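My questions will all concern the structure given below.
All of the numbers you see were taken from the coordinates with simple rules; none came from a lab. The structure presented is a predicted model; accordingly, all values stated were derived computationally and were not measured. For neighbour counting, all protein chains shown are included, and Cβ atoms are generated from backbone atoms with ideal geometry for every residue, glycine included.
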Amino acid sequence: MAKVIRIVLVDDEALQITYMQQLLKQAAERLDLIIQIDSYQSGEAFLFALEDHLDWDLAFLDIEMAQINGMEVAKRIRQLSPDLALVFATAYAEYAVEGYAVQALDYLLKPISLEKIEHVLQRFITLRPETPHYLIVDVEGQPIRLAFEEILYLEANKREVLVNTEEATYTVRQTLADFVALLDQRFVQTHRSYYVNLDAVTHLLKQDVQIKTGALIPLSRRQAKEVQQAFIHYYRKSVFYEH
């Protein structure tokens, strides 16, 4: 199944939101894309919702809005959701330079045509990584965004997973197998109950894997050879073995 592109519109004009929704649906149909659209009529409402919707892929922002403008919203987005692609849709060309300062994907001048929307979606598809390097996990009812590089190792605890980072340990109500299926090839199984991030590994020991914090992760005899090979293939650099 094709991946759904989650789009959010932020504009204080209801008619403009309706118009953009129509254009996006037409463009998606022509490009054979599956999209989901959310919309907000103020920057404040959008930012309030953002922490619960860190899985949005693409945001269309109006710049001239009351109270907080689209450029200020974009700066806040870069703090909360740095991978969210931004497109400014506005009648004012003078903000273009500021748009590039927040790494906007595109800058559209109103009136916006179907062709412009198609171009934006095509560009987004071209530039978007095939595999996201983060995931959203539910921790005690709160969505938490975790970059893959933040995760040091995973530990199974019955039907829960303990996700260990340098800052904290998060408990996720999910099986280890289901959780690992969301990750990429940098995560390798060291033991029946453990997976480790190869980016965090410093030493492969006889019965453990040492990570950069100094912690020792259990390494079973069954997994030892596979972990060694995975480490070498992943890094293609020197590995320190202790026997």
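Simple spin-label model, 7 Å along Cα-to-Cβ: T171 to Q142 in nm?
Taking the simple label geometry, T171 and Q142 are separated by 1.5 nm.
What is the set of long-range amide H partners of V209 at a cut-off below 5 Å, with H atoms built 1.01 Å from backbone N?
I217, L219
Now for a different question. Please state, to two decimals, what the Cα-based radius of gyration of region 5-127 comes to when divided by 2.2 N^0.38 Å (N = residues).
0.95
Here's a follow-up. In degrees, nearest 10, range 0 to 90: what is the angle between the Cα axis of helix 70-80 and the longest Cα principal axis of the chain?
Its long axis makes an angle of about 10 degrees.
Given H placed 1.01 Å from N in the peptide plane, which residues other than close sequence neighbours of D38 have an amide H under 5 Å from its amide H?
I7, V8, L9
Something else: For the chain, what does the helix formula give at 222 nm: sum of -39500 (n - 2.57) over DSSP H segments with n ≥ 4, over the residue count, nearest 500 deg cm²/dmol?
-9500 deg cm²/dmol
Here's a follow-up. Counting each pair of different Cα atoms once, what's the Kirkwood radius of the chain in Å, rounded to one decimal?
So the Kirkwood estimate lands at 20.3 Å.
Also, quick follow-up: State the Cα centre-to-centre distance between region 198-224 and region 1-62 in whole Å.
Computed from Cα coordinates, the inter-centre distance equals 44 Å.
Where both residues lie in the chain, what percent of DSSP beta bridges are antiparallel, nearest 5?
Bridges in the chain that DSSP calls antiparallel: roughly 60 percent.
What are the extents of the Cα atoms of region 134-235 along their three principal axes, listed from largest to smallest and rounded to whole Å?
So the three principal-axis extents are 39, 24, 22 Å.
Run the simple label-point estimate for E64 and V4 please: 7 Å along Cα→C-beta, distance reported in nm.
Placing both labels 7 Å beyond Cα along the Cβ direction yields 3.5 nm.
Taking the beta-carbon count within 10 Å as an exposure proxy, list L84, L154, L47 from fewest neighbours to most.
By the 10 Å Cβ count, ascending: L47, L84, L154.
Further, regarding this structure: Straight-line reach from K206: which aspartates and glutamates have a Cα under 14 Å away, not including same-chain ones fewer than 8 places off?
E226, E242
Rounded to the nearest 20 debye, what is the charge dipole size of region 5-127 about its Cα centre when +1 sits on each Lys and Arg Cβ and -1 on each Asp and Glu Cβ?
260 debye
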